[in-house]
Amino acid sequence: MHRQSLSIALTGSGGSGVMTTGSLLLEAAARAGWYGFMSRSSGPQIRGGEAAAVVRLANKPVESPGDSFDVVLAIDPASMSRFLAEIPLRHDSLVITDPDAGRRGGELPDVPAQVLHLPMAKLAKAIQGGRPNMIALGAIARMIGIPEVSIYPVLEKILKSKGQDIIETSWSCVKSGFAAGTDLPVFEKPQLEIGVGEHWSVTGNEAAGLGAIRGGIRFVAAYPITPATELLEWLASSLPKVGGVLVQAEDELASINQVIGASFGGTPALTATSGPGLALMTESIGLAVCSEVPAVILDVMRCGPSTGIATKSEQSDLNIALNGLHGDAPHLVVAPTSVTDCLFTTQWAVHLAEAMQTAVIVLSDQSLGQTRAIVKRPADISFIAKRLVPEQFDDTYYRYAVGDSGVSPMSIPGQAGGQYTADGLEHNQAGVPSSLPEDHYAQLEKRERKITGFDYGEHWADIEGSGDTAVITWGSATGPVREALSRLRE
C-alpha cells in the first residue's frame, strides 16, 4: 500500500530559519510533481520567540496537515515544547534533533516518538557562513526522496535577493545535510499520479488579493495588522499594474472611511484587517449600509478577544461580523473554504457589494491566509463589479427610490442632475434626512429586501456528494472535514 502523503514539521527559535526551510522544501517538492501546503505557527513576539513550519506533501491536493506527523525536525529542541498540541505524534513518528543544541537552550520534551540525532550546528560550522536550517533541508530532502540537484534552482529562486554568496553557501550546507541524511531512515514517498494542467504556488492572502483585482477593486486603504499584512503587501505591488492604488492609512478608522469615500466616488474599494481592526470599523460599516455605498471588508481572523493571539487561527469573528453593527443594518458575510477559494470568494464579494450597494465582510483566517499551497490552477470566473448607475435623470433624482429589488440607481459625483446627500442619517427617497416613521420603515425594508431577494445562483455554497446526512462547515475547518468525509466514504 503506497503512502499517499507525508506530514513534516520544522520547529526552532525565532530567526532559526524554519519558515525559509519549509518554503524551500515545499517548492522543491512542487518541482518534483507533488501537491502540498505549508502552514506557519509562531509565538506572540514580534521578533524572536519560537516558530514552526508545517508541511504536508501528497499525490493529490490536500487542505489539512493530517491527523499526526511523520517527521519533526527540531532545530532548537526546547522550542518544540511550544507546539506539542499542534504537532501530534505517533509511536512510529521520527523526531530529528541536534545532540548539541540542548546544551545551549533547553532539552527536547518527552515525546511518544523515536528520537534521532543529526549534528546540524556542527556540520554548519564546518562551512563558512553555514546555517543549521540548510543542513536540515538537505537531510529531509534525502529522507523523503527529493533529488539533491533539484534543490539548487529553488535556492536561486527564493534566496536571490540575498545574493549569490548566500546561495552558494546554502547549497554547500544542503549537500552536507544530504550526505548526512544517508544515516537517517528513508520514507516511502507518495506515488505521483500523472496530472495535467498548470500548478500554482499561492497563499490564501495572495489568492484573495488576486480575487479583489479580478473583481474590479482599484482602491485599497488599510492599516497593517497580522495576519492580513501579506495581503496588503501583495496588493501594494499588484494594484498599480492595473491602474489601482493602495494607501496605508493611519489607523483602521481612516481605512474604512477612505474606502467608503472612494466607493462613493465610483471606484470599487476594499480594506483588509483582522479582529481588532474589524471592531473599530463597525460604526463606519453601518454608514456604508445606511448610505448604500458598496464596501468590501476582508477580515483575516486571528484569536481573540482584544489583541488575542495574532499568530494563531480561530473563527472568532463570526458573531461580530454577523451581528456587530448597531441597529438594523442588513449586510453580507461570506467565507472562503480553501486557499484557492479565497480567490473566488473575494472576487464574488466585490460583485455582490457593487450589485447590491452594501457592505460585504469576507471572513478568511490565519490558517487560510498564511498557508502556502501547491494547487491546480483555479478556474477563471468572470465576475466583474457592475454597479447600477443612472443613464439619465428626471427633474428630481430619487437616489433611494423604493422599488421591488431594493437596489436603486447610484449616480457618480459629477453627473449633471445626480446630486444627492449620502450620510448616516435616516432619509427619504430623495436622500433628505427624515425622522418620519414611514420613511424609516420604507428604507429599512428596502435595505433588507435587496439582500433577501437577490439571486445568488449556485455560488452561495459548495454542495458536494449526496445522502441522508448533511455536514455543514465553513472557512478553514472545511479542509479537514472534507478529508474526514472522504475517509468515511472509503
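Here are a few things to note about the model shown:
- Listed by position, the strands (runs of 3 or more DSSP E) inside the stretch 178-257 whose residues that are closer than 29 Å to Gly33 by Cα number at least 2 are 199-203.
- Taking the criterion of being crowded, with 19+ Cβ neighbours inside 10 Å and part of a loop (DSSP other than H, G, I, E, B), the residues of the stretch 1-38 that qualify are Ser16, Gly17, Trp34.
- Restricting the stretch 444-464 to residues that are more than 30 Å from Ala379 (Cα to Cα) and touching a residue at least 60 places away in the same chain (Cβ under 8 Å), the residue that is least open to solvent (accessible area, probe 1.4 Å): Arg447
- Of everything in the stretch 124-164 that is among the basic types (Lys, Arg) and surrounded by fewer than 19 Cβ atoms within 10 Å (Cβ to Cβ), the residue that is modelled with the highest pLDDT is Lys125.
- Subset of the stretch 385-401 [open to solvent by less than 100 Å² (accessible area, probe 1.4 Å), modelled with pLDDT of 90 or more and of a type outside the set (A, V, I, L, M, F, W, C)]: Arg387, Pro390, Tyr397, Arg399, Tyr400
- Complete set of residues in the stretch 149-164 that are touching a residue at least 24 places away in the same chain (Cβ under 8 Å) and part of a helix (DSSP H, G or I): Ser150, Pro153, Val154, Leu155, Lys157, Ile158
- Here Ser435 passes the criteria (1) assigned to a loop (DSSP other than H, G, I, E, B); (2) open to solvent by less than 80 Å² (accessible area, probe 1.4 Å) except the one numbered (2).
- Top-ranked residue in the stretch 68-88 [being surrounded by 20 or more Cβ atoms within 10 Å (Cβ to Cβ) and at pLDDT 90 or above; ranked as farthest from Ile144 (Cα to Cα)]: Ile87
- Some residue of the stretch 218-238 being open to solvent by 10 Å² or more (accessible area, probe 1.4 Å), of a type outside the set (A, V, I, L, M, F, W, C), on the phi < 0 side of the Ramachandran plot and touching a residue at least 60 places away in the same chain (Cβ under 8 Å): yes
- Just one of (1) in contact with a Leu (Cβ under 8 Å, 6 or more places away or on another chain); (2) of a type in the set (D, E, K, R); (3) surrounded by 15 or more Cβ atoms within 10 Å (Cβ to Cβ) fails for Asp365. It is (1).
- Only residues that are assigned to a helix (DSSP H, G or I), hydroxyl-bearing (Ser, Thr, Tyr) and either open to solvent by 20 Å² or more (accessible area, probe 1.4 Å) or on the phi > 0 side of the Ramachandran plot (or both) were counted across the stretch 273-324, and they come to 1.
- Test result for Ile361, part of a strand (DSSP E or B), β-branched (Val, Ile, Thr), modelled with pLDDT of 95 or more and under 30 Å from Arg40 (Cα atoms): yes
- Selection status of Ser382, among the small types (Gly, Ala, Ser), open to solvent by 20 Å² or more (accessible area, probe 1.4 Å) and not in a helix (DSSP H, G or I): yes
- Whenever a residue of the stretch 165-187 is within 18 Å of Ile75 (Cα to Cα) and open to solvent by less than 40 Å² (accessible area, probe 1.4 Å), its partners that are outside any helix (DSSP H, G or I) and among the charged types (D, E, K, R), lying with C-beta atoms within less than 9 angstrom and at least six residues away or across chains, give the pairs Ser170/Arg131; Cys173/Arg131.
- Residue match in the stretch 89-106 (condition: within 25 Å of the chain's Cα centre (by Cα) and either at pLDDT 85 or above or surrounded by fewer than 23 Cβ atoms within 10 Å (Cβ to Cβ) (or both)): no
The values are calculated or read from the model by the stated rules, or taken from the named source; none is laboratory data. The structure presented is a predicted model; accordingly, all values stated were derived computationally and were not measured. Ideal geometry is used to build each Cβ from the backbone, glycine not excepted, and the neighbour counts take in all protein chains shown. Remember, those area values only see protein heavy atoms, side chains included, never the ligands or the DNA or RNA. Shrake-Rupley method; radii C 1.70, N 1.55, O 1.52, S 1.80 Å.
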